[in-house]
1. Ordered by packing density, taken as the mean number of other Cβ atoms within 10 Å over each peptide's residues, highest first, how do 17-25, 369-377, 340-348, 63-71 rank?
2. Could you tell me how far the Cα centroid of segment 113-168 sits from the Cα centroid of segment 364-442, in Å?
3. Between segment 282-321 and segment 52-70, what is the separation of their alpha carbon centroids in Å?
4. Taking only Cα atoms of segment 200-247, what ratio of Rg to Rh do you get with Rh as the Kirkwood inverse-distance radius?
5. Need the full-extension length gain, residue 450 to residue 135, defined as separation in residues times 0.36 nm minus the C-alpha distance. One decimal, nm.
6. Taking 2.2 N^0.38 Å as the expected size of a compact globular protein, what ratio does the Cα radius of gyration of segment 144-222 give against it, to two decimals?
7. Over segment 255-363, what lengths in whole Å, largest first, do the semi-axes of the equivalent ellipsoid take, defined as the square roots of 5 times the eigenvalues of the alpha-carbon gyration tensor?
8. Taking every pair of alpha-carbon atoms in segment 365-450, give the share separated by more than 18 Å as a whole percent.
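Just so you know, all these numbers are worked out from the coordinates, no wet-lab data involved. Everything numeric in this text was worked out from a predicted model, so none of it was measured. Glycine gets a Cβ as well: all are built from the backbone with ideal geometry, and neighbour counts include every protein chain shown.
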């Protein structure tokens, strides 16, 4: 196999890999880098000759894996896009939202190249999609050769899959983003354990060592206790969430807690793309038995839209629980604006339930100390950190020890490290070397033959 990482910035970002197995050439994902905008956010698609790809594999619909797919597909119009049934539903809403954001950013960021694609590109992409049922091998043929492609349920978010490609009796396995634990809304990954020639493995949590005895359910209990304390103080709780996956999981968690009287009666306010996705994930749940979600949770919880009178830096008009995107509290999002109103009040709590990149406002706030000043630059608000600020280990990615155990179970002849910051990859590289497993940490834009 030949492998090229097209994410020029390295680490986690504009995920896209260009691969060759025998006569077959394909791409794995095609995302946008969340730390950049415009052309800087793109993978280096120009490394692939025009109309060269035989097919494209989409692991899931987070924008760091999906966001530039319309551009890649435009350059390779004969290549079908293989994806799961849930992803075939979610892709339309995710890309429609991405297009709307780019149109807004054109003037806000003075980037004339935006939007990077239009509605016609989306329509053409949707015509090229082909659904792969889970664990049902699909034979793709070219010039008298054939390759067997099998999708496996990967957990992480609705629709996430890993891919196994079998050519001339040898397996190459691409994990994508994986979560082995069951969630309230999603079954954990079910991956094969047959031997593989090459394993391309995500490394997101290479630096995150889970303390002994710390379990996801215990983290949920700690979160609910902290929400209750904030409400009992007369304050409000802000929970920044990722729109796809975490928003829907937290809705169910809060509803269960309310029914068990683990939380006092209080309004729950929701907004953002995550609320739009509720109907889509409800639809998926009706037709895909590994997703477990009903939109009835909104009525049960009494979820409400955000009060109209919220202004940056001004006290909230109503006490409650605010479940809004973005999960990393990115500038000018609902969670960012609400935080500017809540951070200076010691009664409030800001509770992060997912990964926060250190360079984002959420990551910067988590790295700050109580009592320090925190600048909300786009809205020109400087606030003392008086609210309780905490983070909970509710990641949508498998622990490093779980990934290491999976790798050992499939006995790869070669491991390629993917989707991880340099320090995270370095941890995995050191572990595989201890196991005498050949490991490759590829530099961006360099083709490797393994």
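1. Working: 17-25: 18.9, 369-377: 12.2, 340-348: 21.4, 63-71: 24.6.
The densest-packed peptide leads the list: 63-71, 340-348, 17-25, 369-377.
2. Value for the Cα centre distance between the two parts: 27 Å.
3. The distance from the Cα centre of segment 282-321 to that of segment 52-70 comes to 29 Å.
4. Numbers: Rg = 14.9 Å, Rh = 13.6 Å.
Ratio value, two decimals: 1.10.
5. Value of the extension gain: 110.8 nm.
6. Values: Rg = 15.6 Å, N = 79, 2.2 N^0.38 = 11.6 Å.
It is 1.35.
7. Semi-axis lengths for segment 255-363 are 26, 18, 13 Å.
8. Working: 2253 of 3655 pairs.
Percent of Cα pairs beyond 18 Å in segment 365-450: 62.
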